[in-house]
1. For B:Thr86 paired with B:Gln22, estimate the spin-label separation in nm (one decimal), with each label point 7 Å from Cα along the Cα-to-Cβ line.
2. Please report, in debye to the nearest 20, how large the charge dipole of the range B:1-111 is about its Cα centre when each Lys and Arg carries +1 at its beta carbon and each Asp and Glu carries -1 there.
3. Over all residues in B:38-44, what is the mean tally of Cβ atoms on other chains that come within 10 Å of each residue's Cβ?
4. Relative contact order of the range A:28-91, please, whole-number percent, based on alpha carbon pairs below 8 angstrom and at least 6 residues apart.
5. Where the centre of each part is set by its Cα atoms, how far does the range A:1-76 sit from the range B:41-101, in angstrom?
6. In nm, what is the difference between 0.36 nm times the number of residues separating A:Lys42 and A:Ser69 and their Cα-Cα distance?
7. Bin width 5 Å, origin at 0, all Cα-Cα pairs of chain B: what percent of pairs per bin?
8. Assign unit charges at the C-beta atoms only (+1 for Lys and Arg, -1 for Asp and Glu), then state the dipole size of the protein assembly as shown relative to its Cα centre in Debye, rounded to the nearest 20.
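Taken together, the values in this text are just the output of simple stated rules run on the coordinates, not laboratory data. Not measured: the values here are computed from a predicted model. Cβ placement follows ideal geometry from the backbone for every residue including glycine, while neighbour counts extend to all protein chains displayed.
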Amino acid sequence: QQQVKQSPQSLIVQKGGISIINCAYENTAFDYFPWYQQFPGKGPALLIAIRPDVSEKKEGRFTISFNKSAKQFSLHIMDSQPGDSATYFCAASIRAAGNKLTFGGGTRVLVKP
Amino acid sequence: NAGVTQTPKFQVLKTGQSMTLQCAQDMNHNSMYWYRQDPGMGLRLIYYSASEGTTDKGEVPNGYNVSRLNKREFSLRLESAAPSQTSVYFCASSALSGYSNQPQHFGDGTRLSIL
């Protein structure tokens, strides 16, 4: 079964708009929730990450919101730019279990100029 | 600074052929990982190596073997390739820490097609 579920599968947003991607997880032992950004032909690259003792983390135009009781977390991309067009993956891991990542299915974001 | 280097970038195999995918990192990381990426399924862990000399199965290990040759290199072998193994394979590495989660750094992948 997929332990991390991600939605939507794809997203189209106008330049300057807000992109929102949601993830839900099953395993309450997860203690690290990163988001990765992937451009075509490249490997994923860490974008931003959060731990469950924090409800929100912001880095520039990217914000993670975390709801521990609902076992959900989301990525908000503010003022979306064409250069943000990429596939985004949420993930989760357990430090004590070797930091192995369990990924969501990915969201392809297209920002129209 | 190359980071994580994977070879080859592309490969086409026939069913039943064998192949080894190579991965090397120059960041002095202890931990290395192999993932496969399939449409709609994200990346799934095949095998990982927490440190030199150790390897463990991930979520989808069947049909694969790995070798942690030294601290820098971690190879993935398909002994008898099957069409279901057509995928994009990513190698990643991270520092090892018992105190905090360390980010994984990914290579650019090997695109493997099995006919």
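1. Here the answer is 2.7 nm between the modelled labels.
2. 180
3. 6
4. Values: 103 pairs, mean separation 21.9, N = 64.
It comes to 34 percent, rounded to a whole number.
5. Spelled out, the Cα-based centre of one part sits 24 Å from the other.
6. 6.3 nm
7. 2, 13, 24, 26, 19, 10, 5, 1, 0, 0
8. Values: 23 positive and 15 negative charges, 54 e Å.
Rounded to the nearest 20 debye, it is 260 debye.
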